[in-house]
1. Between segment 190-242 and segment 124-182, what's the alpha-carbon centroid distance in Å?
2. Short version: ³J(HN,Hα) in whole Hz for each residue of segment 47-61, in order, from phi by Karplus 6.51 cos²θ - 1.76 cosθ + 1.60 (θ = phi - 60°), x for Gly and Pro, what are they?
3. If I stretch the segment between LYS43 and LYS166 completely, what's the gain in nm (0.36 nm per residue apart, minus their alpha carbon distance), one decimal?
4. For segment 147-231, what mean projected area does the convex hull of the alpha carbons give, in nm²?
5. Along the charge dipole of the chain, pointing to its positive end and built from +1/-1 on Cβ of Lys, Arg, Asp and Glu, which listed residue (ALA110, ASN92, LEU63) has its Cα farthest out?
6. Pairs of alpha-carbon atoms within less than 8 angstrom and 6+ residues apart define the contacts here; what relative contact order does segment 37-86 have, in percent?
7. List the relative contact order of the chain as a percent without decimals, with contacts defined as Cα pairs under 8 Å and 6+ residues apart.
8. One quarter of the convex hull surface, Cα atoms only: what value does that give for the chain in nm²?
Amino acid sequence: MTKVLGLAGLALALTGFSPGNQITKELITSGGQTRAYYLYVPKSLKPSAPLLITLHGSGHNGLSLVEKWNGLAEKEGLIVAGPDSLNPASWNIPTDGPDMLHDLVEALKAKYDIDRRRVYLFGHSAGACFAIEVALLESRYFAATAIHAGALPSGQATLIEHAERKIPMAIWVGTRDEYFPLPGVRATRDQLNAEGFSVQLTEMPGHNHWYYDLASSINRDAWEFLKKQSLSADPAYAHYDYRR
């Protein structure tokens, strides 16, 4: 079934990095466009591996999160893929997803033995906002979402009605975050929970917006949350007719 949806995108500045030694830069074609993403596959990959899709923040590209996850991914047997947004100035629906993320996940499933019921989202900042949006639109496709420093964008509360499943979500935010102050993040939690979700919010005392210095501890806690979540049925992807 195709749904009709009108959305405004997130405009955010992004820049590039070079891939690390064990992280590869890959390409797929989605929507007639060549899309880049960074991929980490554990050396000791086991059957039915979980998959994490990371969504980067403003001023960075897909590598910036994948390189912060690869150590934990190796330990936990987790495949991590971090796409770049198409326009360096923005994350946009429908340009950057959900269809592009679906195409990426399906391409990885075709190549690796991935547990179809354990595909997750993790986002930071701009990517965190985008992760919430995609999670609501594709609540029966992704198992769960964890984010650092983000909230449901203003004017996008109507997305909640598209969630056919109360997808598990967890948010980490600093008490001194200059871009996502606590009242706005708490409002996102409260709004979702009022609709029957169970959103976990962790407030980090004294922490600001900067993810990267604390990435190892944030990722460890995020993974502890995510790895417990699984779809109760095979994933179902919702197709939308986007009207502007």
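The numbers here are math on the coordinates, done by the rules we state, and not lab data. Computed from a predicted model, the values in this text were never measured in an experiment. Cβ atoms come from the backbone with ideal geometry, glycine included; neighbour counts cover every protein chain shown.
1. Here the answer is 7 Å between Cα centres.
2. My calculation for segment 47-61 gives x, 6, 6, x, 10, 10, 9, 9, 10, 6, x, 4, x, 9, 10 Hz in order.
3. That works out to 40.9 nm of additional length.
4. 5.8 nm²
5. My answer, from the dipole projection, is ALA110.
6. About 55 percent, as a whole number.
7. Over the chain, the number comes to 21 percent.
8. Average projection, Cα convex hull of the chain: 12.1 nm².
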